[in-house]
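Please read the structure below before turning to the comments.
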Amino acid sequence: MERYKEQIIPLGLSLLAGVIYLYTAAPSMAWLDALNFVDASVTFGVTLPSAPLYVFLSHFFTLLPFGSAIFRVQLFSVLLASASLFLLYRIIV
């Protein structure tokens, strides 16, 4: 039972943070370099501050059949942020 608690708590926290992130994410607005990343993700282009892995992986989220391209890339950012929070909790605790 203790082992399940070690996995459920960080998973619940990361899901909660992901839901809050998604709720507060702008559905169609981009600011500064964010538009460059969305454009590069959709077209497999090159961004100024090179982030080739982010662009490559976020391209698959731009293929989802709902929302705008900006919102779909934000979904990818939500996934990465939630996974980072999960791993950080597992490392610290």
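Entry remark, region 25-44: residues being assigned to a loop (DSSP other than H, G, I, E, B) and not aromatic (Phe, Trp, Tyr) number 8 in total.
Might you check whether a residue that is within 25 Å of Leu15 (Cβ to Cβ) and assigned to a helix (DSSP H, G or I) occurs anywhere in region 45-54? Within region 45-54, one or more residues are within 25 Å of Leu15 (Cβ to Cβ) and assigned to a helix (DSSP H, G or I). Can you say whether Tyr4 is touching a helix residue (DSSP H, G or I) at 6+ places or on another chain (Cβ under 7 Å) and open to solvent by 70 Å² or more (accessible area, probe 1.4 Å), as far as the supplied structure shows? Taking the combined requirement at face value, the residue does not satisfy it.
Taking residues in region 61-84 that are closer than 13 Å to Ser41 by Cα and at pLDDT 85 or above, and partners anywhere that are basic (Lys, Arg) and not in a loop (DSSP other than H, G, I, E, B), the pairs with Cβ atoms closer than 7 Å and at least 6 places apart or on different chains are Phe61/Arg72; Thr62/Arg72; Leu64/Arg72.
For region 64-83, indicate whether the set of residues that are part of a loop (DSSP other than H, G, I, E, B) and among the β-branched types (Val, Ile, Thr) is non-empty. No, region 64-83 has no match at all.
Mind checking which pairs have a first residue in region 24-47 that is open to solvent by less than 50 Å² (accessible area, probe 1.4 Å) and a second that is of a type in the set (Phe, Trp, Tyr) and at pLDDT below 80, Cβ under 7 Å, 6 or more apart or different chains? The qualifying pairs are Thr47/Phe37.
The values are calculated or read from the model by the stated rules, or taken from the named source; none is laboratory data. Keep in mind it's a predicted model, so treat the numbers as computed, not measured. In this analysis, Cβ positions are derived from the backbone assuming ideal geometry, glycine residues included, and neighbour counts consider all displayed protein chains. Surface areas here come from the heavy atoms of the whole protein model, side chains and all, with no ligands, DNA or RNA. Shrake-Rupley method; radii C 1.70, N 1.55, O 1.52, S 1.80 Å.
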